[in-house]
Ligand SMILES: Cc1cc2nc3c(=O)[nH]c(=O)nc-3n(C[C@H](O)[C@H](O)[C@H](O)COP(=O)(O)OP(=O)(O)OC[C@H]3O[C@@H](n4cnc5c(N)ncnc54)[C@H](O)[C@@H]3O)c2cc1C
């Protein structure tokens, strides 16, 4: 396949954060924010922190190549680990370690996991579609991946449709565009129409992988579409998502934003008859594989939420620091609350990393994370960051939500009054105390609460989606037999029967060798 990237995306491989930021310039995307078109997102004060967060993924790869990059099996050169297809459990684990580190370094969502997890899921699903239908998807995906590795590009994952009436399938909706669908086919390719909601880092990506959002039936054939689209493809409109306190980035100060350097990004993406050439189509009408794709994607993605334990490390540090600045750090309840925060945070990490350790090979050779443990990880994430945030706010005191503005703090008349009356422990300046309070506000009420709390709730599926998967995989009959044997209701378990039962989750639990 030819180099499929479109100008002005870098033809040369992106080597670091600065080159990545330059690669985003001058693309002429149609982006709306506050009812106006954004000329250059790279220079927009609200958008730039999200670009900085993503750029950090490139710089980490330079600083720690073993952690955040791999040698590409396609090009033989080092590329971002976010572009890597995992072929072992240690590969899956390494992704989690990189994600935790980036959470620590940015305190927010660095926006590359959806694409990473989409690639990995598609790798095995396209292999199995081809096996059943003799389609050419897997080879096309490999060619596309090779091209992404050549440029070391960012690829976003666009799965969530706007969905209209949640009780209806795509073909039953009053407006068929409420799920992205194929509206036209030709010998050369397809045209898609519809909208994807909440798209993380889409404007900061070079490419997007468009995928179905749920199980589909035979009548949903036109909605069973997977394809790769350059973010600057004609016909795409982005409508930027507002975040709580986002306009603080336009005030010019460095205290009130809380985290002046880094932020997340979500936008609605509207596809108005966007063309995808055949070589970039990886599913067209195979409705019976939509559920497999969603399930495999979520098995990767739900343990990617280990990133929140990295963000949690920052929040724990902020809670400990504000307690110190308030002069309360020696109290036993404060120490206990920090232990509680750590316990909650490591619970997220523990389940996520376990899902990766217990990964297994698919027919394609790609390793898939353990779906039970991935769902347990994500289900914890729908709750525990809220608890961490609650404790951080407890230790911060009410000022986390009532602090006067940076302008007042800098004001010649009242600034000194604020310095005097907002002083805490004398070893810290009032400004240091304000900064720490603003960081906690940022993570629990402000811009980065989007990534730390709401994304934790809904990203990769709302809580019920995990409960459904946990319910499917919990092997209740086997557990009942264990109980009945010990209660003396039935005889000891027949070892043969146990072996038979030990497929699925318990098969992986008791498997001693990898693979
Ligand atoms: C910050 C953030 C970042 C995200 N990033 C991405 C991204 O990069 N790419 C991407 O593809 N998606 C992304 N998502 C989307 C995410 O996957 C969805 O938010 C999630 O799947 C829930 O969908 P929804 O928001 O439409 O909520 P809804 O589906 O409307 O859910 C709302 C509630 O209704 C319930 N519900 C929904 N449908 C039914 C039903 N049929 N029957 C009964 N109850 C139902 C749910 O359980 C939930 O409690 C992101 C979301 C957020 C918040």
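Here the stretch 177-206 is the region considered, the condition is being outside any loop (DSSP other than H, G, I, E, B) and in contact with a helix residue (DSSP H, G or I) (Cβ under 7 Å, 6 or more places away or on another chain), and the residue that is nearest to residue 282 (Cα to Cα) is 189. May I ask you to verify whether residue 62 is touching a strand residue (DSSP E or B) at 6+ places or on another chain (Cβ under 7 Å), over 23 Å from residue 254 (Cβ atoms) and modelled with pLDDT of 95 or more? It is false that residue 62 is touching a strand residue (DSSP E or B) at 6+ places or on another chain (Cβ under 7 Å), over 23 Å from residue 254 (Cβ atoms) and modelled with pLDDT of 95 or more. Checked against the criteria, residue 217 does not count as under 17 Å from the mean Cα position of the chain (by Cα), within 15 Å of the ligand (Cβ to nearest atom) and surrounded by fewer than 24 Cβ atoms within 10 Å (Cβ to Cβ).
The selection criterion, being under 27 Å from residue 242 (Cα atoms), more than 16 Å from the ligand (Cβ to nearest atom) and surrounded by 20 or more Cβ atoms within 10 Å (Cβ to Cβ), holds for residue 441. Listed conditions (1) free of Cβ contacts under 8 Å to residues at least 12 places away in the same chain; (2) surrounded by 13 or more Cβ atoms within 10 Å (Cβ to Cβ); (3) in contact with a helix residue (DSSP H, G or I) (Cβ under 9 Å, 6 or more places away or on another chain) are all met by residue 454, apart from (3). With respect to the conditions (1) in a helix (DSSP H, G or I); (2) within 30 Å of residue 348 (Cα to Cα), residue 511 falls short on a single one, namely (1).
For the stretch 353-360, indicate whether the set of residues that are at pLDDT 95 or above and touching a strand residue (DSSP E or B) at 6+ places or on another chain (Cβ under 7 Å) is non-empty. For the stretch 353-360, residues at pLDDT 95 or above and touching a strand residue (DSSP E or B) at 6+ places or on another chain (Cβ under 7 Å): present.
Inside the stretch 151-160, residues that are more than 21 Å from residue 465 (Cα to Cα) and within 7 Å of the ligand (Cβ to nearest atom) make up a count of 1. Just one of the listed residues (141, 145, 122) is within 16 Å of the ligand (Cβ to nearest atom), within 30 Å of residue 12 (Cβ to Cβ), in contact (Cβ under 8 Å) with a residue 40 or more places away in the chain and part of a helix (DSSP H, G or I), namely 122. Residues considered: 309, 321. Of these, the only one that is assigned to a helix (DSSP H, G or I) and surrounded by fewer than 24 Cβ atoms within 10 Å (Cβ to Cβ) is 321. Would you check if there is a residue in the stretch 238-247 being more than 16 Å from the ligand (Cβ to nearest atom) and either assigned to a strand (DSSP E or B) or in the same structural domain as residue 122 (by TED's automatic domain parsing) (or both)? Yes, because at least one residue in the stretch 238-247 is more than 16 Å from the ligand (Cβ to nearest atom) and either assigned to a strand (DSSP E or B) or in the same structural domain as residue 122 (by TED's automatic domain parsing) (or both).
Annotation note: Cβ proximity below 8 Å between a residue of the stretch 74-101 that is in the same structural domain as residue 146 (by TED's automatic domain parsing) and a residue that is at pLDDT below 95 (sequence gap 6+ or interchain) occurs for 88/514; 89/514.
The set of residues from the stretch 459-494 being within 16 Å of the ligand (Cβ to nearest atom) and in a loop (DSSP other than H, G, I, E, B) comprises 459, 460, 461, 462.
Has the stretch 107-119 got any residue that is away from the ligand (no atom under 11 Å from the Cβ) and over 26 Å from residue 451 (Cβ atoms)? Among the residues of the stretch 107-119, not one is away from the ligand (no atom under 11 Å from the Cβ) and over 26 Å from residue 451 (Cβ atoms), which makes the answer no.
Candidates 423, 401: the one that is assigned to a helix (DSSP H, G or I) and loosely packed, with under 15 Cβ neighbours inside 10 Å is 401.
More than 30 Å from residue 18 (Cα to Cα) and not in a loop (DSSP other than H, G, I, E, B) - does that describe any residue in the stretch 157-165? Yes, the stretch 157-165 has at least one match. For first residues located in the stretch 196-209 and at positive phi, partners that are outside any loop (DSSP other than H, G, I, E, B) and near the ligand (Cβ under 6 Å from one of its atoms) and lie 6+ apart or on another chain with Cβ distances below 7 Å form the pairs 198/266. How many residues does the stretch 161-194 hold that are within 16 Å of the ligand (Cβ to nearest atom), farther than 18 Å from residue 230 by Cα and touching a strand residue (DSSP E or B) at 6+ places or on another chain (Cβ under 6 Å)? Final tally of qualifying residues: 3.
The values are calculated or read from the model by the stated rules, or taken from the named source; none is laboratory data. None of these values were measured; they are calculated from a predicted model. Cβ: placed from backbone, ideal geometry, glycine included. Neighbour counts: every protein chain shown.
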